[in-house]
Amino acid sequence: MTDLSEIEHCRMPTLLMCGAHRPLARLFELPVGIYAGSAKIVCPDEPRLLGMLDAFRRMFTRAGVATVELNTLAQPLKTRPRGTVWAEMTCFDIEGAVLERTNLRYFLQTSEGRRRIRMIEFMKAPAMLDLDWLAEIVGRVPASGEPDASPARQIRYVLPGDAT
């Protein structure tokens, strides 16, 4: 499935946290933008998108997040080619306690008959995601077609504090 249906929307956090980044990446229209405050991340190609999703997962895991829930607050009619989904994201620890809750919206675009995410905006970025750092590092990685960035591979970003 590459269309952002209600089922896929509910599965997005599970795909992220279990590391199934390729199926998750198919729900995005490239280039995709992610915004939160001053942080602006643009992923122009699949390797950077996959790397960013993996970095999100690792940042969440380091912060003790065991599961993430995404609840739809409002969504557009399915007949419209574009629309905005408002959602609430809740991060839980292993015992089910809420670590953080934030609102976000994502902008949908229909292309080739499939609805995909074109942009995500966090109303307030989760504290465990260092989006300013990630925006800087994503911008330094070579784009597809350049040496060391084949479309088939995922870029692994070294997070601050990672053992090298």
Q: Taking the residues in the range 28-62 that are over 17 Å from ASP130 (Cα atoms) and at pLDDT below 90 as candidates, determine which candidate is surrounded by the fewest Cβ atoms within 10 Å (Cβ to Cβ).
A: PRO44
Q: State all residues of the range 19-38 that are closer than 21 Å to THR102 by Cβ and not in a helix (DSSP H, G or I); if no residue qualifies, say none.
A: LEU27, PHE28, VAL32, GLY33, ILE34, TYR35, ALA36, GLY37, SER38
Q) Quick one: LEU49 ticks every box in (1) assigned to a strand (DSSP E or B); (2) under 13 Å from the mean Cα position of the chain (by Cα) bar one, so which box is it? A) (1)
Q: Return yes when ILE120 is under 15 Å from LEU15 (Cβ atoms), modelled with pLDDT of 90 or more, of a type in the set (A, V, I, L, M, F, W, C) and out of contact with any helix residue (DSSP H, G or I) (no Cβ under 6 Å at 6 or more places or on another chain) and no when it is not.
A: yes
Q: Would you point out the residue of the range 1-27, among those that are modelled with pLDDT under 85 and of a type in the set (A, V, I, L, M), that is nearest to PHE107 (Cα to Cα)?
A: LEU4
Q) Restricting attention to the range 81-117, and to residues there that are in contact with a strand residue (DSSP E or B) (Cβ under 8 Å, 6 or more places away or on another chain) and of a type in the set (Val, Ile, Thr), which single residue is nearest to PRO23 (Cα to Cα)? A) ILE117
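The values are calculated or read from the model by the stated rules, or taken from the named source; none is laboratory data. No experiment lies behind these values; they were computed from the predicted model shown. Ideal geometry is used to build each Cβ from the backbone, glycine not excepted, and the neighbour counts take in all protein chains shown.
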